[in-house]
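Working notes, beginning with the structure itself.
The values are calculated or read from the model by the stated rules, or taken from the named source; none is laboratory data. This is a predicted model, so every value here is computed, not measured. Calculation scope for accessible area: heavy atoms of the full protein, side chains included, ligands and nucleic acids excluded. Shrake-Rupley method; radii C 1.70, N 1.55, O 1.52, S 1.80 Å.
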Amino acid sequence: RRQGPVAGSPAFEEALRRARSAARYDDPVLILGETGSGKTMIARILHESSRRVEGPFVEVNCSAIPESMAEAELFGHLRGAFTGAEKNRAGKFRAAQGGTLFLDEIGDLSPDTQAKLLKALEDKAVYPVGSDEPTPVDLRLLAATNRNLPELVKDGKFRRDLYERIKVVVLSLPPLRERRQDIRPLAARFLSEWNDKY
């Protein structure tokens, strides 16, 4: 069983409080913070404290998806839709049906994929690659990034309409260097876990 978060700093405790409060609703949440600040942990808390806890929690690292495969990865594809598509694939949206879809590093998606993501969120449906038929989806979207999205919007690298769509609730996580009182408890936990494992 996963242990709860280490939160001794007021700023991180406030982020946890806001996450548990936001979990009661189905609104999209945008989680901001540097790499290693706990964005995935907060996303899991949002899911586990929500009415969708019995549904799946599907995590997607957007920075790890090749641009040419992003649409098929997110929305699925039909057999024969492209070279190498030897069988139907559901995609991450349909895998998260009834649960939570967590798009980590959403700022790394290409403008073309951003447009398709926005349409899927607006229509509450996806079009698998190779299909003209929409497939309805019911999920809660969480997104995270360590990038400055307003700056990307200003530079034309991130769609303003998508940004407005995903930032209904914004949670900003302080980096560990601003949570110095959490360092010793975290180190003790990691040491205990590694001792158990090894």
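Assorted remarks:
- Taking every protein chain into account, the 1.4 Å probe leaves Lys157 with about 120 Å² of accessible area, to the nearest ten.
- Considering only Glu34, Glu67, Glu133, the Gaussian network model of the chain with Cα springs below 10 Å gives its largest mean-square fluctuation to Glu133.
- Solvent-accessible surface (1.4 angstrom probe) belonging to Asp196, in square angstrom, nearest 10: 130 Å²
- Relative contact order (percent, whole number), the chain, Cα cutoff 8 Å, 6+ residue spacing: 32 percent
- Mean accessible surface per residue for segment 23-78, computed with a 1.4 Å probe while every protein chain stays in place, in Å²: 47 Å²
- Carbon/sulfur fraction of accessible area - segment 120-174, other protein chains in place, 1.4 Å, %: 43 percent
- Most mobile listed residue (Pro174, Pro134, Pro56) in the chain, GNM with C-alpha springs under 10 Å: Pro134
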